[in-house]
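**Q** After the structure tokens below, expect a handful of questions from me.
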Amino acid sequence: MATHKVTFLPAEISTDVPTGSLVTEAVKTAGLEISQPCGGQGRCGRCAVMIESGKVRRRSTIRLNSDDLKAGFALACQALIEGDAVISIPDQERIERRLVTEHTARAIELPYAYSPDKLQVIQTFQLTLQPPSLDDSQDDLSRLSDALREFGYDPVDVHLSILQRFGSILRDSDWKPHILLETSRPGAGRARLIAIDSAPFQPFGVALDIGTTTVTAYLVDLMSGKVKASAAEYNGQIARGEDVISRIIYAGKGDGLNELGLLVRETIQDLLEKLQRRSGVSPEEIYKVTVAGNTTMIHLFLRLPPETIRLTPYIPALNQPPCFLARDLDLPIHPLASVDCLPGVASYVGADISAGVLASGLAESDSLTLFIDVGTNGEIVLGTREWMLTCACSAGPAFEGAGVVDGMRATNGAIEEVWVHSETYEPTYRVIGGGKPHGICGSGLISLLSELFVTGVIDRSGSVKLDLDTPRVREGEHGPEYVVAWPNETDTGQDIVLTKVDINNLMRAKAAIYAGYSVLATSVGVDLADVQQVLVGGAFGKYINVENAIKIGLLPDLPWDSFHFLGNTSALGAYMGLLSSESREQIQEIAARMTYMELSADNTFFDAFTAALFLPHTDISRFPSVAEIWEQDGGHSDENK
Ligand code: FES
């Protein structure tokens, strides 16, 4: 048999191998190493190499698209040597970057600076007033108002607490006071004087997203639009119920409403302290807060009784809260700061979605777009700039890392991607921050579920196959489970596992979301295959793998380049609304334009949900790319087909 000389770069080591050898075999013969987390099945893409020259037969796999092939990439575990060749083995970091950028889609990430035409919501400037005299006996307020009129602000609201001390400030500043104005407030045409001082102001604002599971805050410099610091915490209310319905029920009992209001305030206070520690900005310098959140979270934040949200005909106390002052809401920031809760659409499609749709760009798009906000409640919008139909489905907090034994938020120590070897069932994983793992975040859970499914560790109904020849599957405290990391590999000294109960929670979450968007599409006579772009918001980690999300049936089976992961769109929309009155008006307009579909009144939702409680779905023909892999592998057991 003919042999060929293969040279590997950058090591410049050559070896001779027989024709038809896999590149991985040549790597081994050369005494080199290449990572093969999926066991050489062509699934993980981590063994990608660059063919510099020579004759190598590359096979197109799901991990390499035509652009990859054109660029010269090949999967070492799939490519065959057919002549002399020079092959580069990129370092692992480069491979990870390539996979992240090319196979996980774009992410909009905070912090970044937003540049609306003009940051006009808050203005600060110094006035120069004529001091009074015996010939000029105008009162202090009229004098201030006349000066503000020259800047185009007439009239200006002034709070009593400012009037009680502004005379001395005018005099202490030698009639050259610095003032801080809120120039535009939703529903109010007048400007408002927030503060007056003899020293200049450096005003900050906070964009707050109150999620059922996670509360996120961004501290923003209101003059530049720059995000100075960010922080996220689990919502303290979680101990009183994991989803909105249990919180509503809790709020209706005894002092439950006040208790829940207090718990979210405590979480916000913790976040403000973190922001202060990270930026050095005192809460007193925060003059504006914009709040996004689902309708129940906004009600609980404002301590409005939420009971009617869950009772037919599902009417909230309000969808468009007026602006409040921080002092009225017991927020520990500047007492006259305005607190602007963004408008929602209905009981189960709240301000988080109005804000998210603005941030996603759906409302400006000509393409048929599916927007999915994956949180405790899965909210979905289907439409274009012409029309938007929306619904909500209760997904539960599994994808936010809650309700899963070793689940956690996407922070340092979270496993964010997993590969399982198809023969040994041994996992390889990537941890945010690179240290020992502490738990698994949403993207890691999606990846793990997908890998366990594709390698046959679990069957299509999500049952763990305990008869496999590996210590990784076992009967645990909570039933059958798969061990992702042994105690000596974790930073807690405890196993990290995925239990059958966790799998059930993840399956229910993905089934609810699939059922939601498929029912929306059916109701307007649209085929999911016609959707041109899918915009995904939510508290996932940065690196959601589209392929894995399709394999478990969470996302529709569309070309990968149709997907864009936008991160926390609710927080992003709140940030835009904080800085720009134009963006704030657009959120209002989006909320008014969306048509809400109530799924609880729709039997087709329940049927669609039940049908989706399989991997990827009871009807695998809805997921042709997954069916193809499944058939290639011959399924993992006939009874699961
Ligand atoms: S794709 Fe080659 S080892 Fe996974």
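The values are calculated or read from the model by the stated rules, or taken from the named source; none is laboratory data. Predicted model only: the values in this text are computed from it and were never measured. Note that each Cβ is placed from the backbone with ideal geometry, even for glycine, and that neighbours are counted across all protein chains shown.
**Q** Restricted to segment 390-448, and to residues that are modelled with pLDDT under 90, part of a loop (DSSP other than H, G, I, E, B) and within 16 Å of the ligand (Cβ to nearest atom), which residue is surrounded by the fewest Cβ atoms within 10 Å (Cβ to Cβ)?
**A** The qualifying residue surrounded by the fewest Cβ atoms within 10 Å (Cβ to Cβ) is E423.
**Q** Do you know which of the residues in segment 2-49 that are among the acidic types (D, E) and at negative phi is nearest to the chain's Cα centre (by Cα)? Give the steps one after another, and end with the answer.
**A** Let us first name the residues in segment 2-49 that are among the acidic types (D, E), namely 12, 16, 25, 33.
Still in the list and also at negative phi: 16, 25, 33.
Numbers: D16: 49, E25: 41, E33: 36 Å.
By that ranking, first place goes to E33.
**Q** Now for a separate question. Residues in segment 449-473 that are outside any loop (DSSP other than H, G, I, E, B) and touching a Leu at 6+ places or on another chain (Cβ under 7 Å): how many? Before the answer, list the steps.
**A** The first filter runs over segment 449-473 and keeps only residues outside any loop (DSSP other than H, G, I, E, B), leaving 449-454, 458, 464, 473.
Subset that is touching a Leu at 6+ places or on another chain (Cβ under 7 Å): 449, 453, 458, 473.
Counting residues in segment 449-473 that are outside any loop (DSSP other than H, G, I, E, B) and touching a Leu at 6+ places or on another chain (Cβ under 7 Å) gives 4.
**Q** Please indicate, with yes or no, whether at least one residue in segment 218-228 is out of contact with any Cys (no Cβ under 7 Å at 6 or more places or on another chain), at pLDDT 90 or above, of a type in the set (F, W, Y) and under 22 Å from P306 (Cβ atoms).
**A** Within segment 218-228, not a single residue is out of contact with any Cys (no Cβ under 7 Å at 6 or more places or on another chain), at pLDDT 90 or above, of a type in the set (F, W, Y) and under 22 Å from P306 (Cβ atoms).
**Q** Can you name every residue in segment 126-171 that is assigned to a helix (DSSP H, G or I) and of a type in the set (K, R)? First the steps, then the outcome.
**A** Kept after step one, since they are assigned to a helix (DSSP H, G or I), are these residues of segment 126-171: 140-150, 160-163, 166-171.
Result: R143, R149, R171.
**Q** Which one of G577, G573, G553 is buried (at least 21 other Cβ atoms within 10 Å of the Cβ), under 22 Å from the mean Cα position of the chain (by Cα) and at positive phi? Break it down into steps so the answer makes sense when it comes.
**A** Working: G577 fails: at positive phi; G573 fails: at positive phi.
Step by step, each of G577, G573, G553 is checked, and only G553 is buried (at least 21 other Cβ atoms within 10 Å of the Cβ), under 22 Å from the mean Cα position of the chain (by Cα) and at positive phi.
**Q** Here's something else I'd like to know. Any idea which of R430, R409 is in contact with a Cys (Cβ under 7 Å, 6 or more places away or on another chain) and of a type outside the set (G, A, S)? Steps first, answer last, please.
**A** Details: R430 fails: in contact with a Cys (Cβ under 7 Å, 6 or more places away or on another chain).
Checking each option against the conditions leaves just R409.
**Q** May I pose another question? Can you name the strands (runs of 3 or more DSSP E) wholly within segment 8-89 that have at least 1 residues being more than 14 Å from the ligand (Cβ to nearest atom)?
**A** On the way: elements: 13-18, 48-57, 73-75, 80-88.
Ranges flagged: 13-18, 48-57, 80-88.
**Q** Out of all the residues in segment 601-617, is one or more farther than 30 Å from R310 by Cβ, over 20 Å from the mean Cα position of the chain (by Cα) and either surrounded by fewer than 21 Cβ atoms within 10 Å (Cβ to Cβ) or hydroxyl-bearing (S, T, Y) (or both)?
**A** Narrowing segment 601-617 to residues farther than 30 Å from R310 by Cβ: 615-616.
Filter again for over 20 Å from the mean Cα position of the chain (by Cα), leaving 615-616.
Next, only the ones that are either surrounded by fewer than 21 Cβ atoms within 10 Å (Cβ to Cβ) or hydroxyl-bearing (S, T, Y) (or both) stay: none.
Scanning segment 601-617 turns up no residue that is farther than 30 Å from R310 by Cβ, over 20 Å from the mean Cα position of the chain (by Cα) and either surrounded by fewer than 21 Cβ atoms within 10 Å (Cβ to Cβ) or hydroxyl-bearing (S, T, Y) (or both).
**Q** Which one of the conditions (1) closer than 30 Å to S21 by Cβ; (2) surrounded by fewer than 13 Cβ atoms within 10 Å (Cβ to Cβ); (3) modelled with pLDDT under 60 does Y112 fail to meet, given that it meets all the rest?
**A** Of everything listed in (1) closer than 30 Å to S21 by Cβ; (2) surrounded by fewer than 13 Cβ atoms within 10 Å (Cβ to Cβ); (3) modelled with pLDDT under 60, Y112 misses just condition (1).
**Q** What are the residues in segment 570-590 that are under 19 Å from F204 (Cα atoms) and either basic (K, R) or touching a Ser or Thr at 6+ places or on another chain (Cβ under 8 Å) (or both), if any?
**A** A571, G573, A574, Y575, M576, G577, L578, S581, R584
**Q** Further, regarding this structure: For segment 299-313, which positions are assigned to a helix (DSSP H, G or I) and more than 26 Å from L193 (Cα to Cα)? Steps first, answer last, please.
**A** Residues of segment 299-313 assigned to a helix (DSSP H, G or I): 299-301, 307-310.
H299, L300, E307, T308, I309, R310 - these are the residues of segment 299-313 that are assigned to a helix (DSSP H, G or I) and more than 26 Å from L193 (Cα to Cα).
**Q** A further question on this structure: Kindly list, by first and then second residue, each pair from a residue in segment 32-46 that is among the β-branched types (V, I, T) to a residue that is near the ligand (Cβ under 7 Å from one of its atoms) and in a loop (DSSP other than H, G, I, E, B), limited to pairs with Cβ atoms under 6 Å and residues at least 6 apart or on different chains.
**A** Close Cβ pairs (under 6 Å, with a partner that is near the ligand (Cβ under 7 Å from one of its atoms) and in a loop (DSSP other than H, G, I, E, B)) amount to I34/C47; I34/A76.
**Q** Sticking with this one: Going residue by residue through segment 268-279, is there one that turns out to be in a loop (DSSP other than H, G, I, E, B) and touching a residue at least 40 places away in the same chain (Cβ under 8 Å)? So that I can check it myself, show each step before the final result.
**A** Residues of segment 268-279 in a loop (DSSP other than H, G, I, E, B): none.
No, that holds for no residue.
Residue-wise test of (1) surrounded by fewer than 24 Cβ atoms within 10 Å (Cβ to Cβ); (2) at positive phi; (3) in a strand (DSSP E or B).
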{"residue": "R327", "(1), (2), (3)": "yes, no, no"}
{"residue": "G356", "(1), (2), (3)": "no, no, no"}
{"residue": "D373", "(1), (2), (3)": "no, no, yes"}
{"residue": "G378", "(1), (2), (3)": "no, no, yes"}
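**Q** Kindly establish whether V100 is within 16 Å of the ligand (Cβ to nearest atom), modelled with pLDDT under 95 and in a helix (DSSP H, G or I).
**A** Details: within 16 Å of the ligand (Cβ to nearest atom): yes; modelled with pLDDT under 95: yes; in a helix (DSSP H, G or I): yes.
Yes, satisfied.
**Q** Does E451 satisfy the condition of being closer than 28 Å to Y517 by Cβ and either among the β-branched types (V, I, T) or within 16 Å of the ligand (Cβ to nearest atom) (or both)? Quick ask: steps written out before the conclusion?
**A** Working: closer than 28 Å to Y517 by Cβ: yes; either among the β-branched types (V, I, T) or within 16 Å of the ligand (Cβ to nearest atom) (or both): yes.
Yes.
**Q** Give me the residue from segment 556-582 that is within 22 Å of N294 (Cα to Cα) and of a type in the set (A, V, I, L, M) and, out of that set, modelled with the lowest pLDDT.
**A** Only one residue fits best here, namely L566.
**Q** All but one of (1) over 30 Å from D197 (Cα atoms); (2) in contact with a Phe, Trp or Tyr (Cβ under 9 Å, 6 or more places away or on another chain); (3) among the polar types (S, T, N, Q) hold for S367; which doesn't?
**A** Failed condition: (2).
**Q** Filter segment 24-37 down to residues that are in contact with a strand residue (DSSP E or B) (Cβ under 6 Å, 6 or more places away or on another chain) and buried (at least 22 other Cβ atoms within 10 Å of the Cβ) and give me whichever is modelled with the highest pLDDT.
**A** Among them, the one singled out is A26.
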